[in-house]
1. What are the residues in the range 206-237 that are in contact with a Ser or Thr (Cβ under 7 Å, 6 or more places away or on another chain) and open to solvent by 50 Å² or more (accessible area, probe 1.4 Å), if any?
2. Of the residues VAL185, VAL203, which single one is under 28 Å from LYS71 (Cα atoms) and either without any contact (Cβ under 8 Å) to a residue 24 or more places away in the chain or open to solvent by 80 Å² or more (accessible area, probe 1.4 Å) (or both)?
3. Working carefully through the options PHE153, PHE134, PHE187, find the one that is over 17 Å from the mean Cα position of the chain (by Cα) and either assigned to a loop (DSSP other than H, G, I, E, B) or among the hydrophobic types (A, V, I, L, M, F, W, C) (or both).
4. Determine if the range 52-71 includes at least one residue that is farther than 30 Å from ILE126 by Cβ and not hydroxyl-bearing (Ser, Thr, Tyr).
5. What is the residue count in the range 165-207 for residues that are under 15 Å from ALA143 (Cα atoms) and of a type in the set (Lys, Arg)?
6. Output the number of the condition that ILE177 fails; it satisfies all remaining conditions of (1) at pLDDT 95 or above; (2) farther than 30 Å from THR25 by Cβ; (3) open to solvent by less than 40 Å² (accessible area, probe 1.4 Å); (4) not hydroxyl-bearing (Ser, Thr, Tyr).
7. Has the range 92-109 got at least one residue that is farther than 22 Å from GLY158 by Cα and touching a Leu at 6+ places or on another chain (Cβ under 8 Å)?
8. Take residues that are over 16 Å from ARG32 (Cα atoms) and either among the hydroxyl-bearing types (Ser, Thr, Tyr) or under 23 Å from the mean Cα position of the chain (by Cα) (or both) and tell me which of the strands (runs of 3 or more DSSP E) falling wholly in the range 190-246 contain 2 or more.
Amino acid sequence: TWVNFTQQSPPSPDIQVDPESFNITVPIGEIRIETLTIANLGNALLEFEIEDHSLGMVIEDPSESGTFDVKKFFITFTLPNINFNIETYTSLEGTEGWGYFWLDTDQNPSTGATEEWWPGYGLNDIGADYVLYFYFYEGGAWADLYKWNRGYFEWISGYPVSLERNLLKISIPLSDIEDDGVIDVTFAGEGYPDWQRDIVPDVGHGTTKANEIDWLSLNPEYGTIEPDNQMSVTLTIDATNLNLGEYHRYIV
């Protein structure tokens, strides 16, 4: 939960979503229907909109204190874009900091930048073909993408960064990293004034995988709920064109 709606000045809506997650088994080639309930426990109209992301990776990180202390690092896909998201234990607003998303697009630890090339900055066990570097300060935030090119990183493009309290988000076209969506990822970041470095994950790496088959649909995708009322959202899980395996989606 990133926003506590009950902290708003009354009258205000107060959203409750049930269940928080689904774990569903669907036989190959079949379709299954599930229901998501959205309730308004507040005393004002609740307007909602649902976004559906293909989920690539979620990594939890224990609290280590410090200005930049990552709680959860996750990647989602809203094709053709890839979204990098960081949730921290403390608010980042009014602070300064930076971070590196190291991206191994060929899954080869011997190509690109390695831990031996720049020790202590979260490269861990990958060979980074790209790095998405971001920085934030009081009043703004920005990110730049670089590609490894024969011993140094070459600038590719720049992107805006969304910073809301303890949630930082960056979205870039997947085509900018010339990749099919299978990426090994590590991360490191620091924050002012203590500049304590937080490496996520501390050992190894995470792997993302975009799924281009649209197997999940939601109805309705937006609506308005009166106080003390609720609405059902129908989730349709269509395995008709899926191969046997485990699939993940992220609903916001």
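1. Across the range 206-237, the qualifying residues are SER217, ASN219, GLN230, SER232, THR234.
2. Exactly one of VAL185, VAL203 is under 28 Å from LYS71 (Cα atoms) and either without any contact (Cβ under 8 Å) to a residue 24 or more places away in the chain or open to solvent by 80 Å² or more (accessible area, probe 1.4 Å) (or both), namely VAL203.
3. PHE153
4. no
5. Matching residues across the range 165-207 total 1.
6. Condition not satisfied by ILE177: (1).
7. Within the range 92-109, not a single residue is farther than 22 Å from GLY158 by Cα and touching a Leu at 6+ places or on another chain (Cβ under 8 Å).
8. 198-200, 206-208, 222-225
The values are calculated or read from the model by the stated rules, or taken from the named source; none is laboratory data. Source: prediction; values computed, not measured. Please note: Cβ atoms are built from the backbone with ideal geometry, for glycine as well, and neighbour counts cover all protein chains shown. The protein model used for the area step is the full one, side chains on, heavy atoms only, and it has no ligands, DNA or RNA in it. Shrake-Rupley method; radii C 1.70, N 1.55, O 1.52, S 1.80 Å.
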